[in-house]
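Novice: Pasting in a structure now, in structure tokens, and then I'll have a few things to ask.
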Amino acid sequence: MDKKQLNAKLQAEGYAKFKPITKLDIPNIASEVEYNLLSSILISNDIKPNNILEIGFNEGLMLEKIHNLFPNACINGTEVREDKVNKLLEKGFEVFSVDDEVIPGDETYDLIYGVSVLHHFSDPYSFIKHAYDRLNHGGMLIFINESHRYHIPCLIYSTLRNIWHLEKHFLKITKNKLYITLSELSSNFKVWHDDFFVYHLFPKLNKIFRFFYLHKIYLLNDIHLFIIKQ
């Protein structure tokens, strides 16, 4: 196995044993927040895809929401955990189990997206280029709610939960390196930071953060990006 295959295996096995830190219904709450952001990007850029791919679909909550948004589109997904793949296959979705950091097959897409997934890749910048190559002309690549090198909440969380072996690649991600990588591919892209989705789990905390404009501080928030293939 090369390092990318080893990392995919580690992510699959590590998160199979991972247990939530709280009994709050985080997946459902988070997916709603993430969907609002993702759908707003698509709508504001007038993206109406026929072929869609989600990278690392996890429980499949976002994939189902995107399916409802674009009911006539062909939607695929990739995931390293077999149990997650089987659940989505049972629901009738065309999803793939992967054991490497590549998109299977040779199909191209109008939309490829991932939510809190890029920082799990051993080489996130190479994967961005790889995913960009699998876009159709005018297609969009989106990654939202990504942890990054200066993300204080993620640094604290990863340390307290002792999951550095699963999260360590976020240390490779910076806004500047993302900007450089995307600018080499297309002039039509955007990189920005905003709400760390966990704040939405606690409305009072989120209100305080917004009142003091803390949601605009890079060190406290997620990073997002999109690029359109020219």
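The values are calculated or read from the model by the stated rules, or taken from the named source; none is laboratory data. The structure presented is a predicted model; accordingly, all values stated were derived computationally and were not measured. Cβ sites come from the backbone with ideal geometry, for glycine too, and all protein chains shown count toward neighbours.
Novice: Considering only residues that are within 20 Å of Asp123 (Cα to Cα) and not hydrophobic (A, V, I, L, M, F, W, C), which ones fall in region 78-104?
Specialist: Step one: of region 78-104, the residues within 20 Å of Asp123 (Cα to Cα) are 78-81, 97-104.
Residues satisfying the conditions are Thr78, Glu79, Arg81, Ser97, Asp99, Asp100, Glu101, Pro104.
Novice: Out of Tyr132, Tyr125, Tyr157, Tyr179, report the one residue that is more than 27 Å from Arg81 (Cβ to Cβ) and of a type in the set (Phe, Trp, Tyr). Quick ask: steps written out before the conclusion?
Specialist: Working: Tyr132 fails: more than 27 Å from Arg81 (Cβ to Cβ); Tyr125 fails: more than 27 Å from Arg81 (Cβ to Cβ); Tyr157 fails: more than 27 Å from Arg81 (Cβ to Cβ).
Matching residue, one of Tyr132, Tyr125, Tyr157, Tyr179: Tyr179.
Novice: Next question. With respect to His130, is the statement that it is touching a residue at least 60 places away in the same chain (Cβ under 8 Å) and not acidic (Asp, Glu) true? Spell out how you get there, then give the answer.
Specialist: Values: touching a residue at least 60 places away in the same chain (Cβ under 8 Å): no; not acidic (Asp, Glu): yes.
Answer is no for this residue.
Novice: Name the one entry in Ile156, Ile208, Ile163 that is surrounded by 14 or more Cβ atoms within 10 Å (Cβ to Cβ) and either more than 24 Å from Ala131 (Cα to Cα) or touching a strand residue (DSSP E or B) at 6+ places or on another chain (Cβ under 8 Å) (or both).
Specialist: Going through Ile156, Ile208, Ile163 in turn, the sole match is Ile163.
Novice: Can you tell me which condition Val198 does not meet? The list is (1) modelled with pLDDT of 85 or more; (2) closer than 30 Å to Lys9 by Cβ; (3) part of a helix (DSSP H, G or I), and all the others hold.
Specialist: Tallying (1) modelled with pLDDT of 85 or more; (2) closer than 30 Å to Lys9 by Cβ; (3) part of a helix (DSSP H, G or I), Val198 fails exactly one: (1).
Novice: Say whether the condition of being assigned to a loop (DSSP other than H, G, I, E, B), at pLDDT 95 or above and more than 16 Å from Ser116 (Cα to Cα) is met by at least one residue in region 35-43.
Specialist: No: region 35-43 contains no residue that is assigned to a loop (DSSP other than H, G, I, E, B), at pLDDT 95 or above and more than 16 Å from Ser116 (Cα to Cα).
Novice: I'd like to verify a number: residues in region 30-77 that are small (Gly, Ala, Ser) and within 22 Å of Phe127 (Cα to Cα), how many?
Specialist: Matching residues across region 30-77 total 3.
Novice: Which residue pairs have Cβ atoms closer than 6 Å, lie 6 or more positions apart in sequence or on different chains, and pair a first residue in region 164-175 that is over 13 Å from His224 (Cα atoms) with a second residue that is among the basic types (Lys, Arg)?
Specialist: Leu171/Arg149
Novice: Can you tell me which residue in region 106-138 is surrounded by the fewest Cβ atoms within 10 Å (Cβ to Cβ), limited to those that are outside any strand (DSSP E or B) and hydroxyl-bearing (Ser, Thr, Tyr)?
Specialist: Ser126
Novice: Still on this model: Mind listing whichever residues of region 62-104 are buried (at least 18 other Cβ atoms within 10 Å of the Cβ), part of a strand (DSSP E or B) and among the acidic types (Asp, Glu)?
Specialist: Glu79
Novice: A follow-up question, please. Considering region 101-116 alone, what residues qualify as being under 18 Å from His224 (Cα atoms) and modelled with pLDDT of 95 or more?
Specialist: Leu111, Ile112, Tyr113, Gly114
Novice: Go through (1) surrounded by 17 or more Cβ atoms within 10 Å (Cβ to Cβ); (2) part of a helix (DSSP H, G or I); (3) at pLDDT 90 or above for Phe57 and report which single condition fails.
Specialist: Among (1) surrounded by 17 or more Cβ atoms within 10 Å (Cβ to Cβ); (2) part of a helix (DSSP H, G or I); (3) at pLDDT 90 or above, the lone unmet condition for Phe57 is (2).
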